[in-house]
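The structure appears below as C-alpha cells.
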Amino acid sequence: MCGIAGLLYRGDEALPAVTRMLDRLAHRGPDDAGTWHEPASGLTLGHRRLSIIDLSPAGHQPMASASGRLVLTYNGEIYNHAELRRTLDSGEAATEWRGHSDTEALLAACEAWGIEAALQRCNGMFAFAVWDTQTRTLTLARDRMGEKPLYFGWVAGRFAFASELKAFEPLPGWSPRMHAPAITSFLRTGYVHGSESAVAGIFRLPAGCLLRLSLAELQAPRDWTWLSPRVTRYWSLSEVAANGEAHPLTDAAEATSRLESLLSDAVAMRMSADVPLGAFLSGGIDSSLITALMQAQSNQPVRSFSIGFHEQGFDEAAFARAVARHLGTRHTELYVDAPQAVELIPTLAHTFDEPFADFSQLPTLLVSRMTRQHVTVALSGDGGDELFAGYGRYFAILKLWRLLQPLPVAARRAAGFACHSAATLLAPVAGMGQSNDSLSFRCARLAERLAVPDLDVLRLAFIGSAGYARVLRGRAGTFVGSDTVTTRGEALRRLMFGDQVDYLPDDILHKVDRAAMAHGLETRVPLLDHRVVELSWRFATLLLTQGGQGKQPLRRMLEKHVPRALFDRPKQGFAPPMDAWLRGPLREWAASRLTEHVLREMPMLDADAVLKLWHAHCNGRLNGAPLLWNVLMLADWRERFKASF
C-alpha cells in the first residue's frame, strides 16, 4: 500500500512540485520515496512506499520494466504475483528478476501481455499509472471493486494525478471550487458519489477501469463528458451480475462449499506479507468469519483488534472478545469515549480528503491507529453485507417497494409532495413541542421515500439523511450515480448491485482506505476477491435470505468455527452515539461550526433551516445528528481545503 502522484509539466519546477505532492502522501508510504522524470515529455511520476512485500531496495518505485519501455508507479497489492512470475517464466516472456516484489511482477506482466490483458490475470487491489515511452501514452488503472483511490485532472492547465485529493494542493494555480452536484449528493447521503469529485474539474477513475491518454491529450484540459467515452472497462460488475443470474446455483450445500473453498483461498492469499499482520474483529458475522479462516490457516494465534463504546446499545466489544476467546486469537481492544472523538475532530477533513460524514469514521480511525501499533497489515470483513444481502434496509425497502410499484409514478410523487408539505408545516420553530417536531422529521423522511421513480433512488433515500432537502437553497435534484442503476433482475439484486457500485466504493472503502492509510496501515479485504464477487452473483436469491435474514451462506460457514450463540443477533453497526455526543461533549465544537457566519459561506445551504434543526436537536426534540454531521463535515472540509463555491 502506497501513495502515487504524477504531473505533466515542462520546466525546472516539475520535480519539486511532485516532491511536494508526495509530501502530502507521506502517511500512505512512510518507508521510501522516489521520483522519475522524462524531460522530453515533461512527465514526472512519484511514489511513497509502505514496504509490505520485498522490503529491499529492489521494490523501489517508480520502477522501469526490464526493457525500459514502461515506467510504473503503483499503489496496492497483487496477491497472485508469484503465480504471474511462474507463468511468465514458463513462456517466451521469461525475465531475469531483480527482486520478489509484486510491483516487478505486475510491470513484467504489463510489458509481456499488455496492460489490459495483464489486469485480467491479476488478483489484487490497486491504483497505478504506467507511462509507455514508445507510444507516448499514460494509462491509469483502478482495481475491480474500487479498494484503492485514484484522482486526476488538470490544474492550471497541467495534467496531474494522485492517490488523494490533498496531493493537488501544492501545485501552482490550485484553487479548488466545490462541485455543486457532488456537494448536493454528499448532503443527502454523507459521501460523494460517482466519477466527479467534490472539486470541480478533478475526477475519480471508476472501479474496474482504465483510462489511456496520449501526450497530446494530456496537454489539453478535458471535462468528464469528453473523458467518459475514453474510459475502458476491463472488468464489468454488470456483466458479472448478468452471467451469475443466468447460471444460478440452487443447491445450498454445493454453493456454500464452493464459497468456503474460494474464500479460504482468498484469505490465505491475503495473509502473505513480509511484515506482521492481523485482523479487525467486531464480533459480527463478516469479521468473525475472516478471522476464523485466518486462524484455521495459521500456526500461531492471529492478532485481532476491536473497538468498544461505553454507551449501552452501541458496544460490540464483548461479542468480539467472546469470538476471539473461542478462536484463540491474541486480542486487543480499545474503548472509545467522547474525549477521544473530540481529539480527532480537527483531523477529519484532512484525513478523509473529500466531504465525508459516515459516523463510523471515528472508530475506524481509532481502531486503525491502535492496530498499527502492533501490525502493518490488517484483514477486514468489509463487503459481506453488499455481496450477501446483509443490510436490514434491503428488507424494509422491498416491503415499501411492493406497495409503491403498482402505483403510477405521478401518484408516488403526489404522495411524496403531500408528506413534504406536512413536513414544511411542522418544521421546527421556537417553542414547538417534541411530538410535532419529531413528526416533521418523520414526514420529511417519508416524503423522500415516497417520491421515487425507481429502486435505486429509494436505496439512496434509505442510506441518506431525512429532511436534507429542507437545508438546501433551491430545489434538491435527484442524484443517481453514473453506473448505479440496473433494471435487470430481482428487486433485491438490483439494490445489492447499486450498493456494490456506489455505497461500497464511495463510502465503505473510501472510509477504510483513508482511516487506515492515515496511520500507514494496509487493509486487505478477502470478501472482495473478484472470484468471490463473481461466485456471489451465482447464488440464487433464496440461498441468501431466510426469514428476513441475509448472509445465510456466511452464517453456515461461520457456524463451523464459532457457536451460533456468539454471532446470531441483530446487526448493530459500527457507529458511536453521535446524537448524544452532539448534545454533550461535542456540543461546543459543533456550535462553533454551526454559526450564521460559517453557514452563509456555503450558499447552497439554508442557514436558517440548519440553525433551527441544530436547536431542535440540542433541545432533544428530534435526532438530527445524521444531517447535522453532514453539514459539520462539509463546513470543516470547506475550511480545510479553502474551497470556493
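Numbers at a glance
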{"quantity": "Filtered residues of region 155-175 (kept if open to solvent by 30 Å² or more (accessible area, probe 1.4 Å) and in contact (Cβ under 8 Å) with a residue 40 or more places away in the chain)", "calculated": "G157, R158, E169, P172, S175"}
{"quantity": "Residue, most open to solvent (accessible area, probe 1.4 Å), within region 176-212, restricted to residues that are more than 21 Å from M145 (Cα to Cα) and assigned to a strand (DSSP E or B)", "calculated": "R177"}
{"quantity": "Residue among T232, T225 that is out of contact with any helix residue (DSSP H, G or I) (no Cβ under 6 Å at 6 or more places or on another chain) and farther than 19 Å from R144 by Cβ", "calculated": "T225"}
{"quantity": "Evaluation of M271 against (1) touching a Phe, Trp or Tyr at 6+ places or on another chain (Cβ under 8 Å); (2) open to solvent by less than 50 Å² (accessible area, probe 1.4 Å) (one fails), failing number", "calculated": "(1)"}
{"quantity": "Which numbered condition H519 misses (of (1) open to solvent by 10 Å² or more (accessible area, probe 1.4 Å); (2) part of a helix (DSSP H, G or I))", "calculated": "(2)"}
{"quantity": "Test: residue in region 565-573 that is among the basic types (K, R) and closer than 25 Å to E343 by Cα", "calculated": "no"}
{"quantity": "The listed residue being open to solvent by less than 30 Å² (accessible area, probe 1.4 Å), assigned to a helix (DSSP H, G or I), modelled with pLDDT of 95 or more and within 30 Å of A341 (Cβ to Cβ), out of S288, S304", "calculated": "S288"}
{"quantity": "Failed criterion for R136 (all others in (1) touching a Lys or Arg at 6+ places or on another chain (Cβ under 9 Å); (2) touching a residue at least 24 places away in the same chain (Cβ under 8 Å) hold)", "calculated": "(1)"}
{"quantity": "Qualifying residue in region 568-577 (condition: of a type outside the set (K, R) and assigned to a helix (DSSP H, G or I))", "calculated": "no"}
{"quantity": "Among (1) touching a residue at least 60 places away in the same chain (Cβ under 8 Å); (2) buried (at least 17 other Cβ atoms within 10 Å of the Cβ) - the single one A242 does not satisfy", "calculated": "(2)"}
{"quantity": "Subset tally (residues that are touching a Ser or Thr at 6+ places or on another chain (Cβ under 6 Å) and either among the β-branched types (V, I, T) or crowded, with 17+ Cβ neighbours inside 10 Å (or both)) for region 45-66", "calculated": "9"}
{"quantity": "R69 open to solvent by 10 Å² or more (accessible area, probe 1.4 Å) and either farther than 22 Å from T232 by Cβ or free of Cβ contacts under 8 Å to residues at least 40 places away in the same chain (or both)", "calculated": "no"}
{"quantity": "Selection count, region 152-173, where residues are out of contact with any Asp or Glu (no Cβ under 7 Å at 6 or more places or on another chain) and under 20 Å from H27 (Cβ atoms)", "calculated": "9"}
{"quantity": "Of all residues making up region 11-44, the number that are open to solvent by 50 Å² or more (accessible area, probe 1.4 Å), part of a strand (DSSP E or B) and of a type in the set (V, I, T)", "calculated": "1"}
{"quantity": "Residue match in region 473-490 (condition: at pLDDT 70 or above and touching a Lys or Arg at 6+ places or on another chain (Cβ under 8 Å))", "calculated": "no"}
{"quantity": "Leading residue by the ranking (least open to solvent (accessible area, probe 1.4 Å)) among those in region 590-620 that are assigned to a helix (DSSP H, G or I) and of a type in the set (D, E, K, R)", "calculated": "R593"}
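Matching residues to (1) open to solvent by 10 Å² or more (accessible area, probe 1.4 Å); (2) assigned to a strand (DSSP E or B); (3) closer than 21 Å to G208 by Cα; (4) among the aliphatic types (A, V, I, L, M):
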residue: E77; (1), (2), (3), (4): no, yes, yes, no
residue: A82; (1), (2), (3), (4): yes, no, no, yes
residue: R86; (1), (2), (3), (4): yes, no, no, no
residue: L106; (1), (2), (3), (4): no, no, yes, yes
residue: A109; (1), (2), (3), (4): no, no, yes, yes
residue: F126; (1), (2), (3), (4): no, yes, yes, no
residue: A129; (1), (2), (3), (4): no, yes, yes, yes
residue: T135; (1), (2), (3), (4): yes, no, no, no
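The values are calculated or read from the model by the stated rules, or taken from the named source; none is laboratory data. The model shown is predicted, which means the values in this text are computed figures rather than measured ones. Here Cβ is always computed from backbone atoms with ideal geometry, including for glycine, and neighbour counts include all displayed protein chains. Ligands, DNA and RNA are excluded from the accessible area calculation, which covers all protein heavy atoms including side chains. Shrake-Rupley method; radii C 1.70, N 1.55, O 1.52, S 1.80 Å.
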